[in-house]
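Everything below concerns the one structure shown next.
The values are calculated or read from the model by the stated rules, or taken from the named source; none is laboratory data. Treat the numbers as computed from the prediction; the structure is a model and nothing was measured. Ideal geometry is used to build each Cβ from the backbone, glycine not excepted, and the neighbour counts take in all protein chains shown. We work out accessible area using only protein heavy atoms, side chains counted, and drop any ligands, DNA or RNA first. Shrake-Rupley method; radii C 1.70, N 1.55, O 1.52, S 1.80 Å.
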Amino acid sequence: QVQLVESGGGLVQAGGSLRLSCAASGRTFSSVAIGWFRQAPGKEREFVAAISWRGQTTCYADNVKGRFTISRDNAENTVYLQMNSLKPEDTAVYYCASRPYITCSYYASEYDNWGQGTQVTVSS
């Protein structure tokens, strides 16, 4: 099983950038897809981005497409989420998750292993 730990969250002004990291332990990291989700207070968890096992396929939510970039370094067992042009509505706890398939998915129910989350706050 893959254990996931997120980092890189923080407070940033609107228009700024942050890079989140999802560090994984476990021998099967390179054979799983990884997704990023977020949850704002009082709202449901929503899909942000995902990447296939080798990084050849990426998936994005429409509201982050063109601003966020997901990537992975299997040699370092890490997935990154580069977030640019941040908006106050991007404020949320961001979670990374793995699914035991090689392709990315938009659905939280298809991910079976989650990190503890990292807070991102964007001020206006």
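Here are the numbers for this structure:
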| item | result |
| --- | --- |
| Residues located in the stretch 1-49, provided they are over 17 Å from Thr91 (Cβ atoms), touching a Ser or Thr at 6+ places or on another chain (Cβ under 6 Å) and open to solvent by less than 30 Å² (accessible area, probe 1.4 Å) | Val2, Ser21, Val32, Ala33, Ile34 |
| Test: Leu86 is open to solvent by less than 20 Å² (accessible area, probe 1.4 Å) and not in a loop (DSSP other than H, G, I, E, B) | no |
| Count - residues of the stretch 101-121 that are of a type in the set (Ser, Thr, Tyr) and over 15 Å from Ala49 (Cα atoms) | 3 |
